[in-house]
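Laboratory data are not the source of any read-out in this text; all were calculated from the coordinates shown. Quick caveat: nothing in here was measured; it's all calculated off a predicted structure.
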Amino acid sequence: MNYDLNLLFRSVAHPFTEYQIMKAKKLYREDHVECEICGVKPSFFGRNNDVHHLDPVHIYPEKACDQKNLRTLCRHCHWLFGHFKKWKNWNNKLNEMIVKLKLMYRYYEIKGQMNDQKFYEIFGSTH
């Protein structure tokens, strides 16, 4: 028999299956639809927002399905704030950053100054 050692090792070393992680993310996304930074909702034709692990699964596998370890982010905010523009990186201060960015975004929105130009100044031009 031919065994994939990586798959075998992962199933032994990881306390959750990929299916369990996917299901936890789906449940979280159902309760937290909008991006927790900029408020973007999934579009009718577009993809769902991403669910980001605050503590990465490859370092903290025991937190993979913990709802307190998950945040909903649009693809752009996920890449920019969750991973600092490199998918191999992760932001260990994302919770604090979410609070500050959300306040800043809402402040400009309430003042009526949140237009496309201000949005791009704050969140980047590829949103």
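Listing for the model above:
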read-out	value
Thr72 long-range amide H proximity, modeled H, under 5 Å	Glu36, His52
Pairs from Lys68/Lys102; Lys23/Lys85; Lys26/Lys68; Lys26/Lys63; Lys41/Lys102 whose Cα-Cα separation, in the structure shown, is over 21 Å	Lys23/Lys85
